[in-house]
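S.K.: Structure incoming, see below.
Coordinate-derived values only; no laboratory data. No experiment lies behind these values; they were computed from the predicted model shown. Glycine also receives a Cβ, built like all others from the backbone with ideal geometry; neighbour counts cover every protein chain displayed.
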Amino acid sequence: MAIEFSAGTQLNADHVSVESRRSRATAGALAGLLAAAVAVGIGELAAAFVRPEASPIIAVGNRVILLTPEAVRRWAIRQFGTDDKSALLTGIYIGIALLAIVIGLLALRRLALGLAGLAVFGAFGVYSALTAHAHQATDVVPSIVAAAGGMASLWWLTRHWSEGEAAAGRPTEPAAASERVTDRRQFLIGSASMAGVAAATGFGGRALQHERFDASAARAAIALPAPSSPAPALPAGVDLGKGAAPFVTSNKDFYRIDTALSVPQIDPNTWRLRIHGLVDRQITLSYKDILARPLIERWITLACVSNEVGGQLISNARFLGAALADVLREAGVHANADQLVMTSADGMTIGAPTAVVMDGRDSLLAVGMNGVPLPVEHGFPVRVVVPGLYGYVSACKWVVDIRATTFADFGAYWVQQGWVQQAPVVLSSRIDRPSSNQVFAVGETVVFAGVAWEQEVGVDKVEIQIDDGPWVEARLASVPSIDTWRQWVATWTATAGSHTARVRATDAKGRLQISKAAPPYPGAATGYNIIQISAR
Ligand SMILES: Nc1nc2c(c(=O)[nH]1)N[C@H]1C(S)=C(S)[C@@H](COP(=O)(O)O)O[C@H]1N2
Ligand SMILES: [Mo]
């Protein structure tokens, strides 16, 4: 650290001013950063006594997500994929650090300005907490306490620095030199302790949040009942073993897309699902009620509408759950209720077409995934899964409310962002192997492998084309149902030069995949997955 505080040296006037300006800037930046760190830490600790979502960082992050234009959000998903949340949090920390430095520098000039800066910070936290979906009144507390802690720290640090500076400005006064040393020493000791306080409250607060709110212990205690209608045994040959994505995606590899910066931690014992709106009778189900229903288990491939051609935002798992259509029939959904608006514990709304959900497909109130209770980040305790619909119009995680209404009456979250209102999965195919730009030897047998999907319809044919050659039919893997993706494999003998390889699928209704390239927004990407390879 470049803070100069040895009082004995007598420097010439020019040197002193440059030197002291430099150390003043360092001190200001340090004071600002430490004040912000203390604020963030105290905010985390306070959130441990309210709830994790009330952490100022999380509240502000969620607000930033809501304030971010949809185009930027799409860019972030394209750039960072499922790491979009860490990218956002990193951005927020960097932003806070930069603002904190400015606030610290201001504070050394005029303390009131620095304090006002921190107050604005706190106010933004309060505003974020108050405007979050599904917020609670006490959510503002951590932001207020955090701002107060940050302001106190800034005040203390700048006071000690300024008093040291004032003493340094009275060089003829015999007591001044030692006063300056004492103040500078206090500034440094204070800084170190504040760094300690920030780390202890920050990390301790996070740990305490986990301790008090983590749903994983409750999840671990759950024994899922056996399904009354088990998933079909996987036929031989669902995996061709040639480099396509594995037929079953493990829970840890399953893609994750949601707006939840802090994953909702729900106690299954207090969880309730309310079904209401345009229904004959409102129904409220507990987790036990769901488990007591006949459970069905199905292989279902879930896809995200934001998936680019060739993208990874699609996975396949064995889901276990209660039949959603049965529950809706018991509630007596009115004929005019063309939309089911599902709300999650964090306030996300997802709207699905009632007719599609109830057309006989295996729409689930899912509780299990690949033989275990739903992972917390995939919607524990209960989520919706509707085969054949993109996640954003069906697969509500942490679902707590289903309201029968109309599309005319309500636009769900993503639809308000401009995504199309109703979105059946589009017939698509992907090349998983070889990787783009891979180089082969002339005469070598090149193995192409990948997956194709159109849930609820099924894939009947996959073809690859090298350059302008003929379309060559690939060998298809077996599938347990039309609700999953399907592996394919094809071979080609490499000829010299660089080549373009493309893939296309035909569905069980004989329809060819759309060749026109279009980006995901506003209603699913189309176009063939194309890669370049070469041989020499
Ligand atoms: N509560 C909630 N549910 C949600 C979302 C969300 O942001 N919040 N995202 C949806 C989207 S866009 C998709 S693609 C799927 C992804 O589910 P997964 O994360 O389990 O793969 O969840 C859907 N359900
Ligand atoms: Mo999605």
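S.K.: Using only the Cα atoms of region 13-89, build the gyration tensor, take square roots of its eigenvalues as a ≥ b ≥ c, and label the shape rounded, prolate or oblate: rounded if a/c is under 1.5, else prolate if a/b is larger than b/c, else oblate.
M.R.: Cα axes put region 13-89 in the oblate bin.
S.K.: Restricting the calculation to Cα positions, tell me the Rg (one decimal) and the Dmax (whole number) of region 99-173 in Å.
M.R.: In Å, with Rg to one decimal and Dmax whole: 16.3, 63.
S.K.: Here's a follow-up. When the Debye formula is applied to the Cα atoms of region 272-416, each taken as the same point scatterer, what base-10 log of I(q)/I(0) results at q = 0.15 Å⁻¹?
M.R.: Debye curve over Cα of region 272-416, log10 I(q)/I(0) at q = 0.15 Å⁻¹: -0.69.
S.K.: Let me ask something additional. Compute the helix-to-body angle for 70-80: its Cα long axis versus the longest principal axis of the chain, expressed 0 to 90° and rounded to tens.
M.R.: Helix 70-80 and the main axis of the chain meet at about 90 degrees.
S.K.: If you don't mind, there's one more thing I want to ask. Looking only at region 75-112, which residues have a backbone nitrogen under 20 Å from a spot 7 Å from the Cα of I65 in the C-beta direction?
M.R.: 75-96
S.K.: Using the charge dipole of the chain (Lys, Arg: +1 at Cβ; Asp, Glu: -1 at Cβ; taken about the Cα centre), state which of Q513, P56, S534 has its Cα farthest towards the positive end.
M.R.: With unit charges placed on the Cβ atoms, the residue in question is P56.
S.K.: May I pose another question? Taking the Cα of F49, stepping 7 Å toward and past its beta carbon, and measuring to each backbone N in region 209-252: which are under 15 Å?
M.R.: Output list for this probe position: 209, 212.
S.K.: Give, rounded to the nearest 20 debye, the magnitude of the charge dipole that region 277-343 has about its Cα centre when Lys and Arg contribute +1 at Cβ and Asp and Glu contribute -1 at Cβ.
M.R.: The calculation lands at about 200 debye.
S.K.: If you don't mind, there's one more thing I want to ask. What angle do you read, to the nearest 10 degrees and between 0 and 90, between the alpha-carbon axis of helix 174-213 and the longest principal axis of the chain?
M.R.: Roughly 20 degrees between the two axes.
S.K.: Something else: List, in order, the whole-Hz ³J(HN,Hα) value for each residue of region 292-307 obtained from phi through the Karplus relation with A = 6.51, B = -1.76, C = 1.60 and θ = phi - 60°; use x for Gly and Pro.
M.R.: So the Karplus estimates, Gly and Pro as x, are 7, 7, x, 9, 10, 10, 9, 7, 9, 8, 9, 10, 9, 5, 7, 4 Hz.
S.K.: Which ³J(HN,Hα) values in Hz, rounded to whole numbers, follow from the phi angles of region 507-523 under the Karplus curve 6.51 cos²θ - 1.76 cosθ + 1.60, where θ = phi - 60° and Gly and Pro get x?
M.R.: With coefficients 6.51, -1.76 and 1.60, one gets 8, 5, 9, x, 8, 7, 4, 5, 8, 5, 6, 9, x, x, 6, x, x Hz.
S.K.: Something else now. Just to compare against my own numbers: the Cα pair-distance distribution for the chain, 10 Å bins, whole % per bin, please.
M.R.: 4, 16, 21, 20, 15, 12, 8, 4, 1, 0
S.K.: What's the center-to-center distance, using Cα atoms, between region 141-200 and region 465-536 in Å?
M.R.: So the separation of the two Cα centres works out to 65 Å.
S.K.: Shifting gears a bit: Place +1 on the Cβ of every Lys and Arg and -1 on the Cβ of every Asp and Glu in region 272-416, take the dipole about the Cα centre, and give the residue among M342, L273, N307 whose Cα lies farthest towards its positive end.
M.R.: Towards the positive end, the residue furthest out is L273.
S.K.: Neighbouring Cβ atoms within 10 Å as the yardstick, rank E473, E463, E211, E53 fewest first.
M.R.: In order of increasing Cβ crowding within 10 Å: E211, E473, E463, E53.
S.K.: Can you list the residues, at least 5 places off or on another chain, whose amide H is less than 5 Å from the amide H of V400, using H built in the peptide plane?
M.R.: It is T343, S344, A345, by chain and number.
S.K.: Using the Cα centre of the chain as the reference point, and only Cβ charges (+1 on K/R, -1 on D/E), how large is the resulting charge dipole? Debye, rounded to the nearest 20.
M.R.: 360 debye
S.K.: When a/c reaches 1.5 or more, the comparison of a/b and b/c decides; with that in mind, is region 76-131 rounded, prolate or oblate per its Cα gyration tensor?
M.R.: oblate
S.K.: Once phi is turned into ³J(HN,Hα) by the Karplus curve 6.51 cos²θ - 1.76 cosθ + 1.60 with θ = phi - 60°, what whole-Hz value does each residue of region 42-56 show in order, with x for glycine and proline?
M.R.: Coupling constants for region 42-56: 4, x, 5, 5, 4, 5, 5, 9, 10, 5, x, 5, 7, 4, x Hz.
S.K.: Near the amide H of L389, under 5 Å away, which other amide H atoms are found, from residues 5 or more places off or on another chain, if H is placed in the peptide plane?
M.R.: Here the answer is V425, since their amide H atoms fall under 5 Å of that of L389.
S.K.: Follow-up question, since we're still on this one. Compute the semi-axes of the equivalent ellipsoid of region 388-536, taking the square root of 5 times each eigenvalue of the Cα gyration tensor, and list them largest first in whole Å.
M.R.: That gives 36, 16, 13 Å for the three semi-axes.
S.K.: With viscosity set to 1.002 mPa s at 20 °C, what whole-number translational diffusion coefficient in µm²/s follows for region 15-213 from Stokes-Einstein and a Kirkwood radius over Cα pairs?
M.R.: 120 µm²/s
S.K.: Give the long-range amide H neighbours of F440: residues separated by 5 or more places, or on another chain, with amide H under 5 Å away, using H modelled in the peptide plane at 1.01 Å from N.
M.R.: So F440 has HN proximity to S534, A535, R536.
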